[in-house]
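**Q** Here it is, the structure, as structure tokens.
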Amino acid sequence: DKAEEMRTISLLFLLILAALGKKEVVIVLDRSGSMSEYVGNRMSRLDKAKQIIENYLKNEVPDGTLVGLVAFDDEPSLISPFQPVNDAYKATLRDDLDKITADGGTCFHPAIEMAITNKDLINNVTEAGTILFVTDGENNNNDRCKITDEIIVSAVTLQTRLVKTEIGVDVQDESIKELFSQTGGETVSIDSNLDVKKFQGVLDRVFQLCKCDEEGLQYSVSGRLRGDCQTVYNGGLWCYVEDLVSRGCSDLRDSMYAGRMWSYQACTEREKDAAILVDSDNNAYDIDDYLY
């Protein structure tokens, strides 16, 4: 029957999504002395960043995603080479993060160089990997810390995607600006207290997850709210998503809201159940004017 046919199609859609290429992400985390500043609840900026990263990797990132971790001050340290996220990885994640303590200065080049050229990180992936660069300070003003043209060329050649998170600082270093210009990198600013929701949004963007808008955005037609995985269109539940964040959605379509698109996949990811095909009133809708 029609319902069983739609169930089969939806399950096939899920399997196709699962088969898409895995993601590889290197988190490059500033551990310089300024990261020891307290931001509330007797927690330093570094401890708060580590806590958010740990919770996110354990609870949000799909199993099989390759994640590496580099920490830096005047010098970088390879805390963890690329490893697939799974139960074993999650069990040791806290120990890896506990190795990171705040001290020293802020030197960009060696950290970026390690993330890009280390054989256990970006240089070892078969497809373009992503670097999340997190800092709360300006680059040390010396030649050793300036990002070289060679590293910029390597990043472009490897098609490396870069996202920089600036915590309470507007980084003016020209060498990292050039790196981001050449690679089309993104920069996100967060207040000095490291707002949890904003940082989680950055991680959503980095890991390209497919997630519904957290505000539960809907619109009304004839007194009835549409969207937020509560109504069906063409046989599937749908919701609005943030177009800059939910890049993991393979079915994004334009909407009437600025900065928002809509997706079926986001509802599938939310419910983890492709068999949900009708809304709470057991109705299906197939009227183009109902969806923007």
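**Q** Against the condition out of contact with any Gly (no Cβ under 8 Å at 6 or more places or on another chain) and of a type in the set (Phe, Trp, Tyr), how does PHE207 come out, does it pass?
**A** Criteria not met by PHE207.
**Q** Next question. Out of all the residues in segment 44-65, which are within 13 Å of LEU132 (Cβ to Cβ) and without any contact (Cβ under 8 Å) to a residue 60 or more places away in the chain?
**A** Result: LEU57, single match.
**Q** Name the single residue that is farthest from ASP213 (Cα to Cα) among those in segment 234-251 being at pLDDT 85 or above and in a loop (DSSP other than H, G, I, E, B).
**A** Within segment 234-251, the match that is farthest from ASP213 (Cα to Cα) is ASP251.
**Q** Somewhere in segment 64-76, is a residue under 13 Å from the mean Cα position of the chain (by Cα), aromatic (Phe, Trp, Tyr) and open to solvent by less than 60 Å² (accessible area, probe 1.4 Å)?
**A** No, segment 64-76 has no match at all.
**Q** From the list LEU217, LEU225, which residue is in a loop (DSSP other than H, G, I, E, B) and either buried (at least 18 other Cβ atoms within 10 Å of the Cβ) or in contact with a strand residue (DSSP E or B) (Cβ under 8 Å, 6 or more places away or on another chain) (or both)?
**A** None of the others qualify; the one that does is LEU217.
**Q** Inspect segment 3-24 for any residue being closer than 20 Å to THR92 by Cβ, at pLDDT 80 or above and either outside any strand (DSSP E or B) or over 14 Å from the mean Cα position of the chain (by Cα) (or both) and give the result as yes or no.
**A** No, because not a single residue in segment 3-24 is closer than 20 Å to THR92 by Cβ, at pLDDT 80 or above and either outside any strand (DSSP E or B) or over 14 Å from the mean Cα position of the chain (by Cα) (or both).
The values are calculated or read from the model by the stated rules, or taken from the named source; none is laboratory data. From a predicted model like this one, the values you see are computed outputs, not experimental measurements. Backbone-built Cβ (ideal geometry, glycine too); neighbour counts: all protein chains shown. Side chains are part of the model used for accessible areas, which takes the heavy atoms of the whole protein and leaves out ligands, DNA and RNA. Shrake-Rupley method; radii C 1.70, N 1.55, O 1.52, S 1.80 Å.
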